[in-house]
Amino acid sequence: ASVAQPAASGEPSKPAPTGPSASTPETPAQAQPSAADAATGNKPAADAASASVRLAWDRAMDARVTGYKILFGTQPGDHPEAMSVGNQTSATLTGLRRATRYYIVTVAVDAQGNQSPPSNEVETLTPP
């Protein structure tokens with residue numbers, strides 16, 4: 001498999017897409033508040049007024065993928081915030097506003113910094 005998709009109109013090649021997923025790289029999983037926080041009602045230690053969301057996805061099959069980024073925001077299709085997570089297939093977004101709807105995608109990244117197209121968007125509402 002190749003990380004690079006054919007470039008169109010002189011654009012740089014991009015790694016193959018991946019994203020939050022329960023079973024395949026193209027099918028997003030439901031983002032959920034952290035299981036520990038949901039079960040205990042605990043708030044993250046960093047900020048008692050914040051919420052967290054735990055995400056997981058399938059590893060990209062292309063060996064050239066060196067890591068992943070989570071992109072997120074509070075409007076559909078708009079992901080101004082980014083978190084690099086290295087070569088992990090799960091992460092927890094912390095410091096999120098409570099009772100707020102977030103829209104989240106992931107992208108695969110190769111060693112040159114090329115990003116895949118975003119995964120399907122996942123929508124989640126943080127707990128009050």
Calculate I(q)/I(0) for the range 80-128 by the Debye formula, one identical point scatterer on each C-alpha and no solvent, and give its log10 at q = 0.29 Å⁻¹ to two decimals. -1.31
Given a 1.4 Å probe, how much area per residue of the range 64-128 is accessible, in Å²? 49 Å²
For the range 84-89, Karplus-derived ³J(HN,Hα) couplings (6.51, -1.76, 1.60; θ = phi - 60°; whole Hz; x for glycine and proline) come out as 7, 10, x, 9, 9, 10
For the range 58-128, which whole-number percentage of the solvent-accessible area (1.4 Å probe, protein heavy atoms only) is attributable to carbon and sulfur atoms? 48 percent
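The values are calculated or read from the model by the stated rules, or taken from the named source; none is laboratory data. In this text, all values refer to a predicted model and were calculated from it rather than measured experimentally. These area figures cover heavy atoms from the full protein model, side chains too; ligands, DNA and RNA do not enter into them. Shrake-Rupley method; radii C 1.70, N 1.55, O 1.52, S 1.80 Å.
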